[in-house]
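The values are calculated or read from the model by the stated rules, or taken from the named source; none is laboratory data. Computed from a prediction, not measured in an experiment: that's the story for all the values here. Ideal geometry is used to build each Cβ from the backbone, glycine not excepted, and the neighbour counts take in all protein chains shown. In case anyone asks, the SASA skips ligands and DNA or RNA and just uses the protein heavy atoms, side chains included. Shrake-Rupley method; radii C 1.70, N 1.55, O 1.52, S 1.80 Å.
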Amino acid sequence: MPVLSRGRHRNPKRGACFMELASYLAGERWSDHPACTHPLLAALARLVNDNIGDQSRAKLVRLVPSIIGLASDDLRVDARIALRCATMALPVAAAERQLALAVSVLAAEEMLARLEGAPSGRLSERSLRAMREVPHAAEQARRFSRAARITEKGFRRYAAPNAVQLAVVGIVQACIADPDTLLRRLLEEAIADCEAVIHGTETAAPEVVTPVHA
């Protein structure tokens, strides 16, 4: 069995990143971009794999089977991943990253509302909690978001991937005691979010939603 390590690897004998191991277990061609996993979730997994320590990375192995089969064209998957990343990183990120992360929260919420036929401007309780941690950035993000309307294509190609990248970097560089644990939890919860959308496994009561100006 390949050992998890940073970066790409030519073959299993040289080790594996998280997604290469997923391709191996799924019986696909050796790749860090396997077809068995949603591209944005795979991108998050690669970033987490490459930005945590060796001991923490070894703990990711148990998550690999759960990511296999999580593939879908449903844009709600992208939005859920982006929202999970932005809300988890926003309260701990340095000040210079907070505005971009707050904008990512609002963009993901707006896209989900559009896709689910919900009122524009709603915020889940989780997003509200994150935004309350950074009131100045949150207010700036609201002003910016009112002046911009992102397309579904633009969200998938740019906004959602940027949210994932910003979140991982924000957590890695945050002044917190154990960023590795937070990164691992981010990946775990993003996988659970994808399972809920793709396989319909969500059983918990829906979160309270509140207008964005509350």
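Mind pulling the per residue volume of the convex hull built on the Cα atoms of the range 1-117? Å³ is fine.
Numbers: hull volume 12.7 nm³, N = 117.
Taking only Cα atoms, the range 1-117 has a hull volume of 108 Å³ per residue.
May I ask you to order 36-44, 49-57, 104-112 by the average number of other C-beta atoms within 10 Å around their residues, highest value first?
Highest-to-lowest ranking by the protection proxy: 104-112, 36-44, 49-57.
Tell me the net charge near VAL169. Cut-off is 13 Å between Cβ atoms, VAL169 excluded, with +1 for each Lys or Arg and -1 for each Asp or Glu.
With Lys, Arg at +1 and Asp, Glu at -1, the net is -1.
Nearest 20 debye, what's the magnitude of the dipole of the chain about its Cα centre given +1 on Lys and Arg Cβ and -1 on Asp and Glu Cβ? The partial results should precede the final answer.
Working: 28 positive and 24 negative charges, 104 e Å.
Here the chain has a charge dipole of around 500 debye.
Whose amide H sits under 5 Å from the amide H of LEU70, counting only residues 5 or more places off or on another chain, with H placed in the peptide plane?
Those lying under 5 Å, H to H, from LEU70 are HIS38.
Could you work out how much longer the chain between GLU195 and SER31 gets when fully extended? Use 0.36 nm per residue separation minus the Cα distance between them, nm to one decimal.
Numbers: separation 164, 0.36 × 164 = 59.04 nm, distance 2.22 nm.
Difference between extended and current length: 56.8 nm.
Under 10 Å from the Cβ of PRO91, count the other residues' Cβ atoms, weight Lys and Arg +1, Asp and Glu -1, and hand me the total.
Net charge in that neighbourhood comes out at +1.
By how many nm would the segment from ALA95 to ASP50 grow when fully extended, if each residue of separation counts as 0.36 nm and the alpha-carbon distance is taken off?
13.8 nm
Could you tell me the ratio Rg/Rh of the chain? Both radii from Cα atoms, Rh via Kirkwood.
Radius of gyration over Kirkwood radius for the chain works out to 0.98.
Set the Förster distance to 22 Å, then compute FRET efficiency between GLN165 and ARG143 from the Cβ-Cβ distance, nearest 0.05.
The pair GLN165/ARG143 has a calculated efficiency of 0.40.
Would you work out the charge dipole size for the range 1-102 about its Cα centre, treating the Cβ of every Lys and Arg as +1 and the Cβ of every Asp and Glu as -1, and quote it to the nearest 20 debye?
Details: 14 positive and 9 negative charges, 69 e Å.
For the range 1-102, the charge dipole is close to 340 debye.
I'd like to compare 185-192, 119-126: which one has the highest average count of other Cβ atoms within 10 Å, and what's the full order after that?
185-192, 119-126
What does the accessible area per residue of the range 64-151 come to in Å², with a 1.4 Å probe and no ligands, DNA or RNA counted?
Per-residue value: 43 Å².
For LEU123, enumerate residues with amide H under 5 Å from its amide H, sequence gap 5+ or separate chain, H modeled in the peptide plane.
THR210, VAL212
Per the 1.4 Å probe, what fraction of the accessible area of the chain, in percent, lies on carbon and sulfur atoms?
52 percent
Give me the percent relative contact order of the chain, please, defined on Cα pairs under 8 angstrom at least 6 residues apart. Please report the intermediate quantities before stating the final value.
Values: 316 pairs, mean separation 51.9, N = 214.
Normalised by residue count, the contact order of the chain is 24 percent.
Over the Cα atoms of the range 138-179, compute the convex hull volume and normalise it per residue, giving Å³.
77 Å³
Let me have the 222 nm mean residue ellipticity of the chain computed from DSSP H runs of 4+ only, each contributing -39500 (n - 2.57), with the sum over all residues rounded to the nearest 500.
Here the helix-only value at 222 nm equals -17000 deg cm²/dmol.
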